[in-house]
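Quick notes on the structure that follows.
The values are calculated or read from the model by the stated rules, or taken from the named source; none is laboratory data. This one's a predicted model, so the numbers in the text were calculated from it and none came from an experiment. Virtual Cβ from ideal backbone geometry, glycine too; neighbours counted across all protein chains shown.
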Amino acid sequence: MEPAILLKMRNIRKTFPGVVALDNVDFTLRAGEIHALMGENGAGKSTLIKVLTGAVDFESGEIYIGDNQQRIVNRSPQEAQKNGISTVYQEVNLCPNLSVAENLFIGMEPKKGGFIDWKTMKKRAKEVLAGLDINIDVSANLENYSIAVQQMVAIARAVNMSAKILILDEPTSSLDDDEVEKLFNLMKKLKAGGTGIIFVTHFLEQVYAVCDRITVLRNGALVGEYEIENLPRLELVAKMLGKSFDDLEAIKRGNIPDVSGENPLIEAKGLGCTGTIKPFDLQIKKGEVIGLTGLLGSGRSELARSLYGADRADCGEIRMKGEKLAVKSPLDAMKCGMGYLPENRKEEGIIADLSVRENIMIALQAKRGVFKLLGRKEQEEFTSEYIKLLQIKTASPETPIKQLSGGNQQKVILARWLLTHPEFLILDEPTRGIDVGTKTEIQKLIAKLADEGMSIMFISSEIEEMLRVCGRMAVLRDRKKVGEISGEELSSENIMKAIAGGAGNAGN
Amino acid sequence: MPEIKGRIKKITSHRLFLPLLCLALVLLFNIATTPDFFKISIKNGMLYGYTIDIINRASELVILSIGMTLVVAASGGTDISVGAVMSVAAAICCFILSGGEHSVSQYQNPFALGIILALLASLLCGCFNGLLVAKLKIQPMVATLILFTAGRGIAQLVTEGQITYIRVPGYKILGSAIPGIPLPLPVFAAVFVALITALVLKKTALGIYIQSVGINSKASRLVGLKSSAIIFFTYVFSGLCAGMAGLIASSRIYSADANNIGLNMELDAILAVALGGNSLSGGKFSLLGSIIGAYTIQALTTTLYAMNVSADQLPVYKAVVVVLIVSLQSPFAHKLLQKLKSRLLSGNSQRRAA
């Protein structure tokens with residue numbers, strides 16, 4: 001029997017200035033299915049979700065809920081909720097300083113004589129959570145629980161509001177494997193109860209672990225809807241990229257040049273910063289790609305930031321080509337020939353309202369000083385040069401960077417630093433939240449820049465990715481550099497062991 | 001016809017369209033109420049008329065709003081001390097020129113010394129604000145509240161609580177006119193400050209630095225901008241602008257009236273920035289917008305005077321009009337306008353097609 005249709009979106013069209021974000025896209029969600037929405041950055045996934053939840057309006061198209069032949073338009077997320085559509089984001093939008101029970105019932109508290117009926121609220125909260133196999137104390141504050149539990153509470157809240165359609169937007173990005181497993185169990189339980197789940201994620205493995213169907217978007221257009229068993233992983237990637245996929249293995253380990261004979265470009269001795277990174281020694285050679293690995297919070301970014309002067313080091317020294325440097329601020333580091341692409345693109349990378357051109361020129365301009373304004377013509381020249389070189393997809397060089405997709409924003413930030421021609425470039429999670437195609441491009445670029453003699457520090461949570469480009473890796477644990485791995489020793493197994501600690505392979 | 005449609009769209013979506021529309025509406029209103037509003041007469045080689053009065057009287061506000069624009073853009077806050085700083089500058093200048101007397105008919109010290117020390121004092125006030133905001137990271141409103149209240153006290157202290165008169169013809173020139181030039185001098189002073197500021201913003205990277213810091217100060221620091229130095233600079237500049245405005249205001253009444261010079265002008269200056277279509281949370285800014293905003297406010301004041309509204313009732317009428325203007329520029333009205341526009345345009349083309 002064909003399951004009931006919960007949601008039909010037909011011919012949805014949405015344009016942003018200069019860009020068609022969605023071009024006649026169809027989407028169908030059936031009861032009791034987990035439906036993955038896949039696509040590269042800029043494919044239109046987020047826009048489709050936003051259209052559905054009323055966060056943005058759309059130009060044409062129809063949305064139907066259930067069997068109802070009546071077209072609906074959600075003008076706000078609240079309206080969408082009334083229509084049974086709830087969204088749970090990566091960042092949980094609940095109140096951490098309220099209890100779990102309060103969070104479950106905000107805005108719809110059970111009342112008795114005009115006052116909140118705390119007893120009933122707790123009882124019902126317990127029932128709701130127990131029904132989903134979540135066993136936590138409902139009167140404790142939400143902030144006492146891990147992000148994973150908070151997310152589950154958010155899901156429970158959505159389900160409790162009789163959401164028939166649940167959107168999970170990148171819910172697993174900040175979860176560890178165990179937590180992901182728990183989330184999946186919850187999703188399966190909801191699915192069995194007839195809820196339709198739209199699952200947006202970048203992780204291919206997870207799609208194949210829980211989903212029944214996949215809808216693929218590319219460049220704002222619908223590529224197709226597939227049942228999971230009919231779409232092998234490689235084909236999915238090919239559909240997302242729109243080309244036969246020459247695999248990420250295109251850059252393989254083995255062509256990493258040997259730099260052991262070179263003189264060190266950067267030398268840190270006992271460099272440290274109280275509260276963020278314990279004193280460490282590190283040498284980086286010319287043309288080398290060095291990786292920093294460790295768990296989240298192990299001090300990877302902090303080590304890089306202390307080199308760059310983003311956090312001011314309070315002990316030790318740093319030398320460049322043998323000369324001692326006084327790096328007190330990012331500007332000092334830039335003047336010595338460093339560049340730093342920060343981990344948090346939105347908060348520390350892009351300057352949202354400024355145009356692509358201005359975002360590219362700003363670092364070089366800061367380096368030149370306030371009185372030596374780069375000529376407009378010169379700016380336009382190098383902007384179009386880098387747009388071409390890095391294949392940045394933008395309507396024009398004057399488009400505000402905030403209108404670009406995440407991957408393209410990252411390329412603009414990369415262009416910003418390449419323009420300053422640094423000798424030492426720090427890339428902190430340059431590929432996070434970026435589609436597979438751009439990831440490969442960035443990896444290739446790193447290898448190419450190193451070939452040309454640039455030294456690069458590469459930080460990534462994906463060990464496989466680092467293995468492809470790094471000749472040596474420094475391992476961090478608990479805000480301390482605990483070892484280095486290089487040459488033949490470099491394998492994901494050895495790195496895992498070093499990160500975990502205990503086993504002996506991490507020695508210097 | 002798509003050509004015209006495109007042009008209309010281009011004009012109406014320009015960021016200065018609404019500020020200019022507001023100014024035009026205020027001015028056009030006068031055609032109905034005050035028939036001779038746009039009449040300009042010439043007496044003794046000088047131009048007279050309501051419109052001349054507007055551009056003359058708006059001069060101080062224009063100068064203030066230029067400084068305010070940069071403060072708002074860089075720090076996402078406002079400098080509410082500018083009115084008080086105006087009175088400080090006026091008091092210092094008159095104190096120097098009068099040599100401590102309360103009424104003189106001759107300079108006791110060189111004119112230039114008075115001007116320079118007054119501007120220096122306003123610069124110092126700006127430094128003080130800048131220090132609090134940029135270095136000590138105090139909220140701009142709170143930080144500048146200190147001089148907002150203390151500034152007039154300082155001015156009173158300098159003038160010993162009296163109005164200091166400088167009854168020298170030369171002192172009145174800055175606030176009036178030089179024979180042979182048909183427009184009052186304050187107009188030129190305002191244009192001069194505007195041009196210099198625009199030139200500096202165009203020829204140096206200061207403009208983009210200020211916007212960058214205002215939009216995202218964390219990211220700006222990482223690309224090598226010294227956010228606090230830039231924010232500091234904008235407060236110093238705003239202080240200096242207030243000083244210049246104070247000198248003009250003082251010259252108009254050839255005296256230092258610590259209680260009344262620049263009274264409530266900080267609010268008008270903030271309003272001018274907002275009317276100019278600038279976001280008060282900082283970031284991208286339009287200097288020209290703020291200047292248009294300043295003239296709009298003065299046009300409004302003059303209009304109300306022309307309608308014989310008395311000075312003490314003025315704020316009420318002004319408030320009503322400001323509410324109208326601000327809601328016209330709100331995102332809500334913007335959406336409404338756009339809907340209307342698209343309906344009109346599509347209606348036209350349909351009719352034409354039929």
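Figures for the structure shown
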| quantity | calculated |
| --- | --- |
| Hits in the stretch A:370-395 (condition: away from chain B (no Cβ under 14 Å) and among the basic types (Lys, Arg)) | A:Lys377, A:Lys388, A:Lys393 |
| Residue, nearest to A:Leu236 (Cα to Cα), within the stretch A:436-456, restricted to residues that are crowded, with 21+ Cβ neighbours inside 10 Å and touching a Gly at 6+ places or on another chain (Cβ under 8 Å) | A:Thr438 |
| Single condition A:Pro3 does not satisfy, out of (1) part of a loop (DSSP other than H, G, I, E, B); (2) of a type outside the set (Lys, Arg); (3) surrounded by 14 or more Cβ atoms within 10 Å (Cβ to Cβ) | (3) |
| Filter result (under 18 Å from the mean Cα position of the chain (by Cα) and without any contact (Cβ under 8 Å) to a residue 40 or more places away in the chain) within the stretch A:335-356 | A:Asn344, A:Lys346, A:Glu347, A:Glu348 |
| In the stretch B:144-157, the residues that are in contact (Cβ under 8 Å) with a residue 40 or more places away in the chain and among the hydrophobic types (A, V, I, L, M, F, W, C) | B:Leu145, B:Ile146, B:Leu147, B:Phe148, B:Ala150, B:Ile154, B:Ala155 |
| Some residue of the stretch A:267-277 being touching a helix residue (DSSP H, G or I) at 6+ places or on another chain (Cβ under 7 Å), modelled with pLDDT under 90 and surrounded by fewer than 18 Cβ atoms within 10 Å (Cβ to Cβ) | yes |
| Any hit, the stretch B:297-312, residues being part of a loop (DSSP other than H, G, I, E, B) and on the phi > 0 side of the Ramachandran plot | yes |
| Top-ranked residue in the stretch B:202-230 [being surrounded by fewer than 18 Cβ atoms within 10 Å (Cβ to Cβ) and within 23 Å of the chain's Cα centre (by Cα); ranked as farthest from the other protein chains (Cβ to nearest Cβ)] | B:Lys202 |
| Cβ-Cβ under 8 Å pairs, at least 6 apart or on other chains, the stretch A:317-334 side closer than 15 Å to A:Ala268 by Cα, far side basic (Lys, Arg) and not in a helix (DSSP H, G or I) | A:Glu317/A:Lys269; A:Glu317/A:Lys324; A:Ile318/A:Lys269; A:Ile318/A:Lys324; A:Arg319/A:Lys269; A:Leu325/A:Arg319; A:Lys328/A:Arg312 |
| Test: residue in the stretch B:228-246 that is assigned to a loop (DSSP other than H, G, I, E, B), within 29 Å of B:Gly170 (Cα to Cα) and in contact (Cβ under 8 Å) with a residue 24 or more places away in the chain | no |
| In the stretch A:324-337, the residues that are within 10 Å of another protein chain (Cβ to nearest Cβ) and of a type in the set (A, V, I, L, M, F, W, C) | A:Leu331, A:Ala333, A:Met334 |
| Qualifying residue in the stretch A:349-366 (condition: crowded, with 16+ Cβ neighbours inside 10 Å, among the acidic types (Asp, Glu) and within 14 Å of chain B (Cβ to nearest Cβ)) | yes |
| Subset of the stretch A:291-340 that is surrounded by 24 or more Cβ atoms within 10 Å (Cβ to Cβ) and farther than 20 Å from A:Thr274 by Cα - its residue that is modelled with the lowest pLDDT | A:Thr293 |
| Every residue from the stretch A:373-422 that is assigned to a helix (DSSP H, G or I) and of a type in the set (Asp, Glu) | A:Glu378, A:Glu380, A:Glu381, A:Glu385 |
| Enumeration of residues in the stretch A:22-46 that are crowded, with 22+ Cβ neighbours inside 10 Å, outside any strand (DSSP E or B) and out of contact with any Gly (no Cβ under 8 Å at 6 or more places or on another chain) | A:Gly39 |
| Any chance B:Leu183 is surrounded by fewer than 21 Cβ atoms within 10 Å (Cβ to Cβ), more than 14 Å from chain A (Cβ to nearest Cβ), assigned to a helix (DSSP H, G or I) and not aromatic (Phe, Trp, Tyr) | no |
